[in-house]
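Heads up, the thing below is written out as structure tokens.
Every read-out reported here was derived from the displayed coordinates using simple, explicitly stated rules and does not represent laboratory data. Remember, predicted model here, so these are calculated numbers, not experimental data. Backbone-built Cβ (ideal geometry, glycine too); neighbour counts: all protein chains shown.
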Amino acid sequence: MSVVLPEFFHPVNKAFAEHWLSLRGDEMLPHVNDFFPEHVPQLLESFVIYDLESPEMIRIRLAGAAILSRHGFNSMGTNYLDLVEPSRRAKASEAFWLLATQPCAMRVVLEHRYKSGLVAHTEALGMPMAVPEGESPRLYYTGEEIENEWRGRLEEPGKSTYLGVVRRDFIDIGAGVPDFKD
């Protein structure tokens, strides 16, 4: 199965995609037991594992130090959708679930305003994984800052606030891409 990768804005995302592809063999998806993020050390700071438990619960199973720093709190074990503006949660959930059910990969450029006052554009790359029978679908992600700007501490304390999707590209890994609109 030949996969055409987009031109990534950040080299770590390219390394992640290439490593993921190298583990597939003849299968659509690599198995979680075959993927060791430490084999691509540059992933570790920005690596995230999500468990898709339900359309309303996308649990952050693991998050690298850069991700936790951007969130401004230990977000492991929490619901990713709580980091998304309420008006965008259903669409965010739908996009994540498409990766697991289509299956396909997704590159998205997001604009975030963090608790610290930093406003950043991040290029995130999500790749679905094969899991043992009976387990929730699992997505592996990287989220690399591609530009940022300090805008001072936010007035309201709390979690990061999602500002918007700048760009979204689904990547055909053998099952096509969804017809999805933000």
From the Cα gyration tensor of the stretch 1-57, with a ≥ b ≥ c the square roots of its eigenvalues, which class applies: rounded if a/c is under 1.5, or else prolate if a/b is larger than b/c, or else oblate?
-> rounded
Mind listing the long-range amide H neighbours of Ala130? Cut-off is under 5 Å, sequence gap 5 or more, other chains count too, H placed in the peptide plane at 1.01 Å from N.
-> His31, Val32
Find, to one decimal place in angstroms, the Kirkwood hydrodynamic radius of the stretch 1-115, where the mean of 1/r is taken over every pair of different Cα atoms and then inverted.
-> 15.5 Å
Degrees between helix 89-101 axis and first principal axis of the chain (Cα, 0 to 90, nearest 10) = 20 degrees
Using mean Cβ contacts within 10 Å as the protection proxy, how do 139-148, 11-20 order, highest first?
-> 139-148, 11-20
Tilt relative to the chain, helix 11-22 - C-alpha long axis, 0 to 90 degrees, to 10 = 30 degrees
